[in-house]
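Read through the structure below, which is laid out as structure tokens, and then see the notes.
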Amino acid sequence: MKPEKVCGLARALSKLGYCSRSQAAALIKDKQVSVNRRIITDPEFPIRLPHDRIEVDGVPVEKARAIYLVMNKPRGFVTTASDEKERKTIYDLLEPGAPWVSAVGRLDKASEGLLLLTNDSEWAARITNPASHLDKVYHVQVDCLIDIDLIAKIKTGCKVDGDYLCAKEVSLVRHGDKNSWLEITLDEGKNRQIRRLLEALGVQVLRLIRISIGPLDLGELKKGSARSLKEEEKQAIDHALREGG
């Protein structure tokens, strides 16, 4: 018989799709969560799913229906559920009272484009796991004219603050008199990877738009809009994850 899987209470609430781990920790510390009829204040209290009974304010927590959304994130919005600086968040773009979902990975405030949201924390972890090698493609406007040598340097990469940063693929999309648009493909997701890499090479990013994640393209989704993933889109992503990207 396999040993029963155990995880912390805050993580259990996240796995059930009730809320994020940080939100769960706040509820637990506020004495709003009970396990087997006993109030628990430790977010790391061990839970055996689905054996233990978890309640929030006396209401049993059942595993939520899995939700998978795709959003075209506008520039100027942060991906956190709440922001101490009172900046606009992606949750301002969702319907009021919508079920809880969390962003799969991050796009920083200045970045735009394709963002996945879900309450399926295990699926999200598979997508963001570097071992999945799921390609993410970006269109990036930079403040200079790009030549072959610079494209080669972006692909070769360099060490920045202890991280080795590079791109899987780079190509020139178009250029004007003073700036260029690049298509950059990553198969890992280090923090602000493209911006940090280009800055280290003396290049300033003017715009950064994620246009695809694995087989999923941004398509014609309007900026600031979100929709449910189609079943075939979800299946295509799952297949890509099984195949290692």
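Ranking C166, Q141, I127 by how far each Cα lies toward the positive end of the dipole of region 127-179 (charges on Cβ) leaves I127 at the top. Applying both filters, DSSP loop and at most 13 other Cβ atoms within 10 Å, to the trypsin sites (Lys or Arg not before Pro) of region 89-194 gives K178.
Report the trypsin sites (Lys or Arg not before Pro) located in region 1-92 that are in a DSSP loop and have at most 16 other Cβ atoms inside 10 Å of their Cβ, or state none.
K5, K31, R37, R53, K63, R65, R75, K85, R87, K88
Can you give me the long-range amide H partners of C144? Hydrogens built in the peptide plane at 1.01 Å from N, cutoff under 5 Å, separation of 5 or more residues or another chain. Distant-sequence amide H within range of C144: S180.
Within the set of other residues whose C-beta is less than 14 Å from the C-beta of L241, count the net charge using Lys and Arg as +1 and Asp and Glu as -1. Write down the numbers at each step before the final one.
On the way: positive: R126, K136, K234, R242; negative: D120, E122, D135, D187, E233, D238, E243.
Surrounding charge for L241 is -3.
By the combined test of axial Cα extent (at least 18 Å) and Kyte-Doolittle hydropathy (mean at least -1.0), none of the DSSP H helices of the chain qualifies.
Exposure proxy ranking for S102, S228, S22, S34, based on other Cβ atoms within 10 angstrom of each Cβ and starting from the fewest, stands as S228, S22, S34, S102.
Read-outs: derived from the displayed coordinates by stated rules, not from any lab. What you see is a predicted model, and the numbers here were worked out from it, not measured in a lab. Neighbour counts run over all protein chains shown; Cβ positions are idealised from the backbone, glycine included.
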